[in-house]
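Heads up, the thing below is written out as C-alpha cells.
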Amino acid sequence: MSARPSALPIAVIGAGFSGTMAAIRLLDSLPHDRPVLLCERSASFGRGLAYGTGDMGHFLNLRASNMSAFPDRPRHFEQWLARNALDLPPEMASGIRVTPAGTFASRALYGRYLSEILTETVTGSGPPRLQLVNDAVTDLAPGPGSFSLRTEGGLRLPVAGAVLAMGNLAGTGEPHSSHRADLWSPETIGRLQPELPVLIVGTGLTMIDAVVSLRRRGFAGPVVALSRRGLLPSPHTPTEALPMPNLSAADLRSLSALTRRIRAATRASGEDWRSVIDSLRPITDYIWRSLTVAERGRFLRHLRPFWDVHRHRSAPPAAAAIAEDIAAGTLSVRAGRILSIKDEPSRAVVTLRPRGASEPERLTVQCILDATGIGRVSETSDPLLRRLIDRGLVRPGPFGLGLDVDTDFRARGQSLGGPLWTIGPLMRGALWECIAVPDIRNQAADLAAGIAAELARAQAA
Ligand SMILES: Cc1cc2nc3c(=O)[nH]c(=O)nc-3n(C[C@H](O)[C@H](O)[C@H](O)COP(=O)(O)OP(=O)(O)OC[C@H]3O[C@@H](n4cnc5c(N)ncnc54)[C@H](O)[C@@H]3O)c2cc1C
C-alpha cells in the first residue's frame, strides 16, 4: 500500500519572535505529514526587528524573568542566561545587568537565545518538517482551497494556508527629507559632524535605543528628541505583585469611569502605580474589547501616550544613560510637532511648533531618525499586504492599527484560497496586548492548537 501523500505545508511569513514561535508550536501541534515553511526576508531567522540588533547597549524592556519563549517553562530564558553568562566574551557579558529592579539582558543576547531555540528545532530528531525559506514573500495567490506563495526571488510554492507574522510595519516616513536615516541600519546614518544636532522623532523606547547607538558610535554632539507631548518612558523599579482590581460593569462604562477607578486603586493600595498597571495586564485585552469603538478612539487620541510611557518601561541601565545625557545638556527632549522640513545639501531645516507655543521655531539638523514606532496597515506599502488587501483577502482592523481578525486569529476577508491567520503586532487593534513576548508566546501556542483543530475538522469533513 502506498503512503498517504504529504499534506500541503502551512507557511509562516516572518521569522521574528512571533513567526518563529508560531512555527515551533505548529510543529508540535500538527500531524507529522504536515510540513511548515518559515519564510524570512532578512539574513537572520529567529530575531526580527527587536532582537536583530548587535548593540549590547540595547536592553530588553522587560526583566529576564518575564522573557521565557515558553509559557509553560517560565524560567527558560533566565536559566539560559545563567548557563551562558560565564562563557560570554566581556563585550557580550556587558549585556547582562543585575539591578534592584531585576536582571535585564541586552536584546542581542535574547536574539541569540531565540536562534538557538530555532536551531535545536531544525536539527532535532525525526524527519525534517520545518523548511526555512530565506526570501521576501510578495504574494499569496489564491487557488482552490490553497495559495501559491510567491517570493521576490521567483519561488512559487503551493501552501494550504498561511500565518502572517510580519511584525511592526514601517511608518510612512512623513514629512519626507533626504536627511532621514534608518536607525536600524547604522550604515545609512553616515559620518556625523560633531556640532550639528541630530533630530530623533519620537521620545519612547526606540528613541532611547537611538541615543544609545549614537553615543556608542562616538557622536557626542547635541541630540533633540521630539514628540507631541515629550513624554519619556518610566524606568523599571522594584514592584509588588498586586491582585487584579475587581472592575465592575460601571467601571467599564466609559474611559473616564475606568481612569477614575484605576487612579482610585492606585491611591487605595498605597503602592507604586507600576504595580497597579502590572496588575491590569491579564485583563487589559478584556478591558479593550469591553470599551465601545468611540471610547477606544478616545483612548488612542488622548490616553495612549500616557499609557505607553507607564506600561512600556525602560531598563534601568538604558534609563540611567538617558538621564545622564539630559543632565549633561546634550540630549533635549521636546514637546511639539513638525510643520515642515526643508532639505539643504548637508542639513535639513525643520520648522516645528513647540507644544503650547503660538509661534513656530526653526531647528537646523544634520540627520533625522524616525523613532515613532509603528506604521498602520491602512497606510502600508508592504507589497504582500497591499496585494492581500486589494484582493479583499484581509482588511484593516479597528483604527487601521492592524488587521481585522477573529478571536481565533483568523484574518477576516473574502474566503478565497486557504485560511489566513495572524499573530503579533498585526493583531493590534483587535487585541491591545499582542506586541510583547509574554503575550505572543501564549498566542503562538493558542494559534497552533487552533490551526491543528481547524485542519483536522476540514480533513474529517
Ligand atoms: C526595538 C524594539 C524593542 C522591543 N523590545 C521588546 C522587549 O524588550 N520585550 C518584549 O517583550 N517586546 C519587545 N518588543 C516588542 C516586539 O514587537 C516583540 O517582542 C516581538 O519581537 C515581535 O516580533 P514579530 O515577529 O511579531 O515582529 P518582528 O520582529 O518585526 O519580525 C517580523 C519579521 O518578518 C519579516 N518579514 C516581514 N515581511 C516579510 C515578508 N513579506 N516576507 C518575509 N519576511 C517578512 C521581517 O523581516 C521580520 O524579521 C520590542 C520591539 C521593538 C521594535
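Residues are listed down the side, and each one gets a yes or a no for (1) within 15 Å of the ligand (Cβ to nearest atom); (2) surrounded by fewer than 19 Cβ atoms within 10 Å (Cβ to Cβ):
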residue: Ser213; (1), (2): yes, no
residue: Gly218; (1), (2): no, yes
residue: Pro238; (1), (2): no, yes
residue: Arg253; (1), (2): no, yes
residue: Ala265; (1), (2): no, no
residue: Val276; (1), (2): no, no
Here are the criteria: (1) within 16 Å of the ligand (Cβ to nearest atom); (2) within 26 Å of Asp446 (Cβ to Cβ); (3) surrounded by fewer than 16 Cβ atoms within 10 Å (Cβ to Cβ). Tell me which single one Ala43 does not satisfy. (2)
State whether one or more residues within region 57-77 are more than 10 Å from the ligand (Cβ to nearest atom), in contact with a Ser or Thr (Cβ under 6 Å, 6 or more places away or on another chain), open to solvent by 50 Å² or more (accessible area, probe 1.4 Å) and on the phi < 0 side of the Ramachandran plot. yes
Are any of the residues in region 437-449 in a loop (DSSP other than H, G, I, E, B) and either surrounded by fewer than 16 Cβ atoms within 10 Å (Cβ to Cβ) or not assigned by TED's automatic domain parsing to the domain that holds Arg228 (or both)? no
Could you please find all residues in region 128-151 being open to solvent by 50 Å² or more (accessible area, probe 1.4 Å) and not in a strand (DSSP E or B)? Pro128, Asn134, Pro144, Gly145
Select from region 351-367 the residues that are under 20 Å from Leu231 (Cβ atoms) and in contact with a strand residue (DSSP E or B) (Cβ under 7 Å, 6 or more places away or on another chain) and list them in ascending order. Leu352, Arg353, Pro354, Arg355, Glu361, Leu363
Residue hits (region 402-428; among the hydrophobic types (A, V, I, L, M, F, W, C) and in contact (Cβ under 8 Å) with a residue 40 or more places away in the chain) are Leu403, Phe409, Ala411, Leu416, Leu420, Trp421, Ile423, Leu426
Of (1) within 25 Å of Ser227 (Cα to Cα); (2) surrounded by fewer than 16 Cβ atoms within 10 Å (Cβ to Cβ), Ser415 fails just (1)
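The values are calculated or read from the model by the stated rules, or taken from the named source; none is laboratory data. What you are looking at is a predicted structure, and each value in this text was computed from that prediction instead of being measured. Cβ sites come from the backbone with ideal geometry, for glycine too, and all protein chains shown count toward neighbours. The area values use the complete protein model at the heavy-atom level, side chains included, leaving out ligands, DNA and RNA. Shrake-Rupley method; radii C 1.70, N 1.55, O 1.52, S 1.80 Å.
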